[in-house]
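Comments concern the structure below.
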Amino acid sequence: MSTKEKLYEGKAKILYPTDNPEILLTYFKDDATAFNALKRGQIRGKGEVNCTVSVALLSYLENKGIPTHLIEKISPLEMLVKAVQIIPVEVVVRNIAAGSLCKQTGLPEGQILPQPLVEFYLKNDDLGDPLLTYDRLMLLELVTDSQLTELKNLTLKINQLLQTFFLECDITLVDFKLEFGFDGEGKIILADEISPDTCRLWDNKISDPQARIMDKDRFRRDLGEVENAYQKVQERILAKIN
């Protein structure tokens with residue numbers, strides 16, 4: 001891990017500068033949080049799994065024409081990424097009703113949505129990451145109208161690619177969160193991570209609603225076997241890619 005001063009520390013990762021101002025080092029932690037960090041803990045081996053899975057999935061998306069910030073993995077817990085100006089909006093795409101969508105709409109968990117639902121949330125822990133309407137996005141000047149359209153189109157393309165990929169791993173991609181940023185040329189590229197921390201993943205080999213959960217919901221709901229679920233996701237992804 002870099003010995004330089006931290007540039008930024010989030011709930012699951014630390015960013016460090018490198019000798020090249022256009023390149024950052026991302027270090028993945030084992031720390032786990034839920035419910036806007038009201039619940040905290042550790043998932044043994046989570047950092048290594050999330051780093052490995054993120055590198056694998058970002059590489060897969062790059063090969064499919066999705067621009068990302070990934071440069072390379074340099075250790076089990078570290079990857080080098082392009083420095084980007086993060087857009088302070090979390091983009092969530094939902095294929096099946098789960099989590100907050102069920103709580104806020106009354107939809108039953110597991111109901112397949114007629115089409116992917118793309119939502120935008122303000123990336124602000126102090127405000128509880130609120131859901132944003134189009135007008136609020138424009139009011140806050142977080143993105144332009146054309147940039148918002150580009151974000152949605154990129155998200156839907158990523159969703160289509162990942163749904164197909166995960167199905168080939170016998171996993172259902174229920175929903176997931178993405179973050180984007182502007183690179184040095186002002187181009188929107190995919191940033192952050194894609195992992196069991198940021199996705200809801202259900203095991204297609206298991207029918208039991210709780211036993212099939214392969215993501216951070218096991219930590220949120222105190223279901224146990226969290227480490228095993230993360231490892232299983234990693235194994236299936238690597239088996240598919242290799």
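For Ile213, state whether it is hydrophobic (A, V, I, L, M, F, W, C), within 15 Å of Ala34 (Cβ to Cβ) and modelled with pLDDT of 95 or more. Give the derivation first.
Details: hydrophobic (A, V, I, L, M, F, W, C): yes; within 15 Å of Ala34 (Cβ to Cβ): yes; modelled with pLDDT of 95 or more: yes.
Here the answer is yes, as Ile213 does meet what is asked.
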Problem set entry | Residues of segment 83-121 that turn out to be of a type in the set (D, E, K, R) and either touching a Phe, Trp or Tyr at 6+ places or on another chain (Cβ under 6 Å) or in the same structural domain as Val53 (by TED's automatic domain parsing) (or both), as a count | 1
Problem set entry | Count of segment 2-35 residues which are within 18 Å of the chain's Cα centre (by Cα) and either farther than 30 Å from Lys103 by Cα or not in a loop (DSSP other than H, G, I, E, B) (or both) | 13
Seminar exercise, completed: For Met79, the lone unmet condition from (1) over 20 Å from Leu238 (Cβ atoms); (2) over 15 Å from the mean Cα position of the chain (by Cα); (3) of a type in the set (A, V, I, L, M, F, W, C) is (1)
Problem set entry | Given (1) assigned to a helix (DSSP H, G or I); (2) polar (S, T, N, Q); (3) within 24 Å of Val93 (Cβ to Cβ), index of the condition Asn228 fails | (3)
Problem set entry | Val93 surrounded by 13 or more Cβ atoms within 10 Å (Cβ to Cβ), hydrophobic (A, V, I, L, M, F, W, C) and in a strand (DSSP E or B) | yes
Exercise. Taking segment 98-118 as the search range and keeping residues that are part of a loop (DSSP other than H, G, I, E, B) and of a type in the set (Gly, Ala, Ser), which one is surrounded by the most Cβ atoms within 10 Å (Cβ to Cβ)?
Worked result: Ala98
Seminar exercise, completed: Condition set in a loop (DSSP other than H, G, I, E, B) and under 9 Å from the mean Cα position of the chain (by Cα), scope segment 184-211, selection surrounded by the most Cβ atoms within 10 Å (Cβ to Cβ): answer is Ser195
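For segment 219-227, state whether one or more residues are farther than 14 Å from Leu173 by Cα, touching a residue at least 12 places away in the same chain (Cβ under 8 Å) and among the aromatic types (Phe, Trp, Tyr). Steps first, please.
Filtering segment 219-227 for residues farther than 14 Å from Leu173 by Cα gives 219-227.
Add one more test, that the residue is touching a residue at least 12 places away in the same chain (Cβ under 8 Å), and what stays is 219-220, 223, 226-227.
If we keep only those that are among the aromatic types (Phe, Trp, Tyr) too, we end up with 219.
Yes, the conditions are met somewhere in segment 219-227.
Right, Leu178: within 18 Å of the chain's Cα centre (by Cα), part of a strand (DSSP E or B) and either under 23 Å from Arg40 (Cα atoms) or at pLDDT below 95 (or both) or not? Outline the logic, then answer.
On the way: within 18 Å of the chain's Cα centre (by Cα): yes; part of a strand (DSSP E or B): yes; either under 23 Å from Arg40 (Cα atoms) or at pLDDT below 95 (or both): yes.
It is true that Leu178 is within 18 Å of the chain's Cα centre (by Cα), part of a strand (DSSP E or B) and either under 23 Å from Arg40 (Cα atoms) or at pLDDT below 95 (or both).
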Problem set entry | For Leu61: the one exception among (1) part of a loop (DSSP other than H, G, I, E, B); (2) under 27 Å from Glu22 (Cα atoms) | (1)
Exercise. Within segment 58-81, can one find any residue that is in contact with a strand residue (DSSP E or B) (Cβ under 8 Å, 6 or more places away or on another chain) and within 20 Å of Gly128 (Cβ to Cβ)?
Worked result: no
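The values are calculated or read from the model by the stated rules, or taken from the named source; none is laboratory data. Values in this document were obtained by computation on a predicted structure and should not be read as measured data. Please note: Cβ atoms are built from the backbone with ideal geometry, for glycine as well, and neighbour counts cover all protein chains shown.
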